[in-house]
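Presented below is the structure to which this report refers.
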Amino acid sequence: MHEPLITYINQYISSPLTSEEEKLITTAFQPKRLRKKQYFLQAGEVCKNTGFITKGAMRQYTVDDKGVEHIVHLYIENYWATDRESSIMLTPSRYNIDAWEDTELLVISRANILDLMNKIPALVEMIRLMDERYAIANNRRLSSAISNTAEKRYEEFAQNHPQFNLRFPQHIIASYLGVTKETLSRIRKQPLK
């Protein structure tokens, strides 16, 4: 079950993990299964774990005063699910993270991540690269949300995340893009540019 994680880590580091490092990682990451709609994190809880998805799909979202869900992140295999703000600041999360499909994860606590980073310097390299890519992706998404039309946002989404269109229903994608499902339905009927 840990092979996808080891493969993922090796893609981000300059030298492959040693067998001893792999053993440390497989010991630190614990398998967890979530049924569809089961929570990984509920709003109000402090996020204590990070999950690496090996099978399945998840979503991170808030619920407003009217009960409307607002999708912040979508996750599938080889994605990391967590609320970093809550985990780092030890504050209650404002997000829910739940399984959209039956999901298998490898879960690690923040304390164990920090311990592994001390023992395996290559993980520091991986996390730095992931943080850089995450910051770039967030800036692009924010810029798109501020300045692009709904059509352009969907076009970028479809190009950058074609697998999400296959895994998540229209109302989830519409929420992620910040549009109504009716608007998304209209956009999807038009040919992509």
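The values are calculated or read from the model by the stated rules, or taken from the named source; none is laboratory data. A quick note: this is a predicted structure, and the numbers were derived from the prediction, not measured. So basically every Cβ, Gly included, is an ideal-geometry build from the backbone, and we count neighbours across all protein chains shown. What goes into the accessible areas is simple: the full protein's heavy atoms, side chains included, and nothing from ligands, DNA or RNA. Shrake-Rupley method; radii C 1.70, N 1.55, O 1.52, S 1.80 Å.
A few points about this structure:
- Qualifying residue in region 12-20 (condition: farther than 17 Å from residue 125 by Cβ and either surrounded by 14 or more Cβ atoms within 10 Å (Cβ to Cβ) or modelled with pLDDT of 95 or more (or both)): yes
- Test: residue in region 77-91 that is open to solvent by less than 40 Å² (accessible area, probe 1.4 Å), touching a helix residue (DSSP H, G or I) at 6+ places or on another chain (Cβ under 9 Å) and not hydroxyl-bearing (Ser, Thr, Tyr): no
- The listed residue being part of a helix (DSSP H, G or I) and open to solvent by 60 Å² or more (accessible area, probe 1.4 Å), out of 173, 146: 146
- Tallying residues that are open to solvent by 50 Å² or more (accessible area, probe 1.4 Å) and outside any helix (DSSP H, G or I) within region 102-112 yields 1.
- Qualifying residue in region 155-167 (condition: aromatic (Phe, Trp, Tyr) and more than 26 Å from residue 5 (Cβ to Cβ)): yes
- Every residue from region 22-39 that is open to solvent by 60 Å² or more (accessible area, probe 1.4 Å) and either touching a residue at least 12 places away in the same chain (Cβ under 8 Å) or part of a strand (DSSP E or B) (or both): 22, 30, 31, 32, 33, 35, 36, 37, 39
- Residue tally, condition in a loop (DSSP other than H, G, I, E, B) and over 14 Å from residue 117 (Cα atoms), over region 1-21: 6
- Selection of region 50-76 for residues being open to solvent by 10 Å² or more (accessible area, probe 1.4 Å), under 22 Å from residue 111 (Cα atoms) and in contact with a Leu (Cβ under 8 Å, 6 or more places away or on another chain) yields only 54.
- Residue under evaluation residue 152, criteria (1) under 19 Å from the mean Cα position of the chain (by Cα); (2) basic (Lys, Arg); (3) surrounded by 13 or more Cβ atoms within 10 Å (Cβ to Cβ), criterion not met: (1)
- Close pairs from region 56-70: first within 14 Å of residue 42 (Cα to Cα) and in contact (Cβ under 8 Å) with a residue 60 or more places away in the chain, partner open to solvent by less than 50 Å² (accessible area, probe 1.4 Å) and assigned to a loop (DSSP other than H, G, I, E, B), Cβ under 6 Å, at least 6 apart: 59/100
- In region 113-122, residue least open to solvent (accessible area, probe 1.4 Å) [restricted to those that are over 12 Å from residue 14 (Cβ atoms), in contact (Cβ under 8 Å) with a residue 40 or more places away in the chain and part of a helix (DSSP H, G or I)]: 116
- Residue check, residue 78 part of a helix (DSSP H, G or I) and polar (S, T, N, Q): no
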